[in-house]
Amino acid sequence: MTDEPILSYLTDMDGVLVHEDQLVPGADEFLAELRANETPFLVLTNNSIRTPRDLQARLRHTGLDIPETAIWTSALATATFLDEQRPNGTAYVVGESGLTTALHEIGYVLTDSNPDYVVLGETRNYSFEAITTAIRLIERGASFIATNPDPTGPSRDGSLPATGSVAALITRATGRDPYYIGKPNPLMMRSALRRIGAHSQSTVMIGDRMDTDVISGLEAGMRTILVTTGISTRASVEAYPYRPTMVLDSVADLVGRTKEPFAD
Ligand SMILES: [Mg+2]
């Protein structure tokens, strides 16, 4: 394994820094240490509903002060990908402001008239009409992109159907699978690394899920830390054919050692 120094961090948001709207104890000190040391970092989320500015405000309520520019959503990763593939293209979007803003800002025109892409993101207001339009545009040749494959998302009252579930509906109707940009696609990690000018071999990916955060960090060439404040448990690690570089109870355990997280 590489012993290159750790110069930068990518960290998942939900289950690592916050739980719904609750701060994970110590997450504020962890981020404060990164900022004090001027260690570049990005906070990642697969959720494409909110803009970084909205997320910044939401996080501030929980007690986390994160600059807007340190937040990387699957919507931003999707916009970056489309800009590289087809600059100044056109898209029909089923999603919310997090996604439409990202696409607008990258120079895309949003239209239902013969678009290059149908881009599906997360929303709490799916309409039969919008899904019908998406299906017909894909039938007529638009490429099908989705921000993230998550079938469900968390809420206080139980699961919410998420982007992957609606994508399944469109796939069933059209016979076409989307190309997913968010985790576990390592593309999201690579665009995040580029965004902060970081290199995979000197960056750590922190996450709470083996099947998304750890695998995509690994596939992007980073060392990974699983924290057990979210979905995956220590016991569940054994069920996977790959493992994180390190397992910790919480990001709080990194406070005081962010420059050398793997030192004995
Ligand atoms: Mg998570």
**Prompt:** For region 120-134, how many residues meet the condition of being touching a residue at least 24 places away in the same chain (Cβ under 8 Å) and surrounded by fewer than 21 Cβ atoms within 10 Å (Cβ to Cβ)?
**Reply:** 7
**Request:** Only one of these is farther than 21 Å from MET188 by Cα and surrounded by 14 or more Cβ atoms within 10 Å (Cβ to Cβ): VAL251, VAL227. Name it.
**Result:** VAL251
**Prompt:** Which ones in region 99-118 are of a type in the set (Ser, Thr, Tyr), within 19 Å of the chain's Cα centre (by Cα) and over 20 Å from TYR179 (Cβ atoms)?
**Reply:** THR101
**Request:** Could you tell me whether region 136-151 includes any residue that is at pLDDT below 95, of a type outside the set (D, E, K, R) and either within 16 Å of the ligand (Cβ to nearest atom) or on the phi < 0 side of the Ramachandran plot (or both)?
**Result:** yes
**Message:** Quick check on ASN88: is it within 15 Å of the ligand (Cβ to nearest atom) and within 28 Å of THR111 (Cβ to Cβ)?
**Reply:** no
**Message:** Please count how many residues of region 36-48 are away from the ligand (no atom under 15 Å from the Cβ) and either assigned by the TED database to the domain that holds GLY121 or within 19 Å of GLY207 (Cα to Cα) (or both).
**Reply:** 3
**Request:** Residue by residue through region 197-219, note down the ones that are away from the ligand (no atom under 12 Å from the Cβ) and over 23 Å from ALA263 (Cβ atoms).
**Result:** GLY197, ILE215, GLU219
**Request:** Kindly provide the set of residues from region 1-28 that are within 11 Å of the ligand (Cβ to nearest atom) and within 17 Å of the chain's Cα centre (by Cα), ordered by number.
**Result:** THR11, ASP12, MET13, ASP14, GLY15, VAL16, LEU17, VAL18, HIS19
**Prompt:** Can you tell me which residues in region 113-134 are assigned to a loop (DSSP other than H, G, I, E, B) and among the hydroxyl-bearing types (Ser, Thr, Tyr)?
**Reply:** SER113, THR123, TYR126, SER127
**Message:** Could you list, ordered by first residue, the pairs with Cβ atoms under 7 Å in which the first is in region 62-83 and closer than 15 Å to ASP14 by Cβ and the second is assigned to a loop (DSSP other than H, G, I, E, B) and among the hydrophobic types (A, V, I, L, M, F, W, C), at least 6 apart or interchain?
**Reply:** LEU64/LEU17; SER74/ILE181
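The values are calculated or read from the model by the stated rules, or taken from the named source; none is laboratory data. All of these numbers come straight from a predicted model, not from anything done at the bench. Reconstructed Cβ throughout: ideal geometry from the backbone, glycine too, with neighbour counts over all protein chains shown.
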